[in-house]
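The values are calculated or read from the model by the stated rules, or taken from the named source; none is laboratory data. All values reported here derive from a predicted model rather than from experimental measurement. For neighbour counting, all protein chains shown are included, and Cβ atoms are generated from backbone atoms with ideal geometry for every residue, glycine included. We work out accessible area using only protein heavy atoms, side chains counted, and drop any ligands, DNA or RNA first. Shrake-Rupley method; radii C 1.70, N 1.55, O 1.52, S 1.80 Å.
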Amino acid sequence: MNYKIVIFWNQPAALTETFIYNQISNLRRYQAAILGSKWPSGPRIRIDEQIVHLINQGGWRGKLHEVQFKVWGQIPATIRQWLDTWQPALIHAHVAPYGAIAMPIAQRYRLPLLVSVHGSDVTMRDAAIWRSSYMSHRLYLLRRRQLVRTTTRVIVQSHFLHRILIEQHGFDPAQIVCIRYGVDLDRFRPTANPEWGHILYVGRLIERKGLPYLLTALAKLQTDFPALRLTVIGDGPLRSRYEELARQVLGSRVTFMGAQSNTVVQEYLQRAYVFCMPSITMPTGEAESLGVVFLEAMAMGVPPVSFASGGIPEVIRHSETGFLATERNTDELAYYLGLLLEQPALRNKFGEEGRRWVEQEFNLNTQTAKLEALYDEVIAEHIQKSVL
């Protein structure tokens, strides 16, 4: 039987969350509709808008509906009417705070609730959330105990997040399932013509993604490798600061391209010799949980270099598929980048091993099948409880 489900995605089709849409669009036995608060203000993924239903449809009334839903759990009449017609079998929310916000829907319609946590939504320490995070994250802290009691399963991308959910958030280990985001291996395939010396960075221009460490490391290499160059894909609040730093330490060797579509990222991965996003752990606790872009790079035979931070060591196998430097150590980062630049055979070996590793552990079809099997399990449990 093909069940209908609801995916709660706060700002559907945000360009930085392509991996969510990839997971949704790859479902085979489940028909998914997306419920969101509103469209993102920035660049968006191309998506079938007919499957998207928004709480905030614009104007003052839309903003009011969004506040009423997030703060008091009031579901707008139009959404209730749609849900009555859609009759979903479960609701799957992305990001812990929005799992808490989606609870009233699960409770009203007596649906099992699954929540996928992504990283900073659970790695950030409580004190930092109260001090400076979004309203939804603060609401999550107020509702966390209730969410722990209400949630049927929590889906994590790494064992790193599994541990944090238990130690910092109070979830039962039996609630937590590790199903990783996968890569479309038919789309992301190795290329035979990488451009020597071309380093690629893809990530938001925020402190946690570590771009200044990469710029500093490359500055140490430019004398020995005068032809090296860096392409930066991504945008964020620190862009102007990072552009100035790049001019100071690397001159014209760096190109900032801003946010780009997944298609453009793929085109640049085809040309990249090495991929590097040296994410760091922030004082607030925020850290990289997995890093889908590392997987996309390895799927295309591009070896990654990063710091051994957060869940990254579960993705990059040090000295087998790429290199992991000690966090914030730019000398070590430069050393590993230099090894791949001066040893093409090593670079190619890592590329081949990386492709095999992604095929084995991060195949999108395999991971989606695991997700659908989890849906099967949760729905069967729910039906059994309803009968009893």
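When residue 255 is tested against (1) under 25 Å from residue 194 (Cα atoms); (2) surrounded by 18 or more Cβ atoms within 10 Å (Cβ to Cβ); (3) out of contact with any helix residue (DSSP H, G or I) (no Cβ under 7 Å at 6 or more places or on another chain), just one condition goes unmet, and that condition is (2).
Each row is one residue, and each column tells you yes or no for (1) open to solvent by 10 Å² or more (accessible area, probe 1.4 Å); (2) out of contact with any Cys (no Cβ under 7 Å at 6 or more places or on another chain); (3) under 16 Å from residue 340 (Cα atoms).
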residue	(1), (2), (3)
260	yes, yes, no
264	yes, yes, no
267	yes, yes, no
270	yes, yes, no
287	no, yes, no
297	no, yes, yes
302	no, yes, yes
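For residue 88, are the conditions met, namely being buried (at least 19 other Cβ atoms within 10 Å of the Cβ) and in a helix (DSSP H, G or I)? No.
List the helices (runs of 4 or more DSSP H) inside segment 315-388, counting only whole elements, that have at least 3 residues being farther than 20 Å from residue 183 by Cβ and touching a residue at least 60 places away in the same chain (Cβ under 8 Å). Give the derivation first.
Values: elements: 330-342, 344-361, 364-387.
Those helices (runs of 4 or more DSSP H) span 330-342, 364-387.
Mind checking which residues of segment 129-138 are buried (at least 17 other Cβ atoms within 10 Å of the Cβ) and assigned to a helix (DSSP H, G or I)? Give the derivation first.
To start, the set of residues in segment 129-138 that are buried (at least 17 other Cβ atoms within 10 Å of the Cβ) comprises 129, 133, 136-137.
Result: 129, 136, 137.
Taking segment 308-349 as the search range and keeping residues that are aromatic (Phe, Trp, Tyr) and touching a strand residue (DSSP E or B) at 6+ places or on another chain (Cβ under 6 Å), which one is most open to solvent (accessible area, probe 1.4 Å)? Among those that are aromatic (Phe, Trp, Tyr) and touching a strand residue (DSSP E or B) at 6+ places or on another chain (Cβ under 6 Å), it is 336.
Taken over segment 212-251, the criterion of being of a type outside the set (A, V, I, L, M, F, W, C) and under 22 Å from residue 43 (Cβ atoms) is satisfied by 231, 234, 235, 236, 237, 239, 240, 241, 242, 243. Which of the numbered conditions does residue 221 fail, given that it passes all the others? Conditions: (1) more than 27 Å from the chain's Cα centre (by Cα); (2) open to solvent by 20 Å² or more (accessible area, probe 1.4 Å). Only one criterion in (1) more than 27 Å from the chain's Cα centre (by Cα); (2) open to solvent by 20 Å² or more (accessible area, probe 1.4 Å) is unmet by residue 221, namely (2). If the condition is being touching a Gly at 6+ places or on another chain (Cβ under 7 Å) and acidic (Asp, Glu), then segment 113-156 contributes no residue at all.
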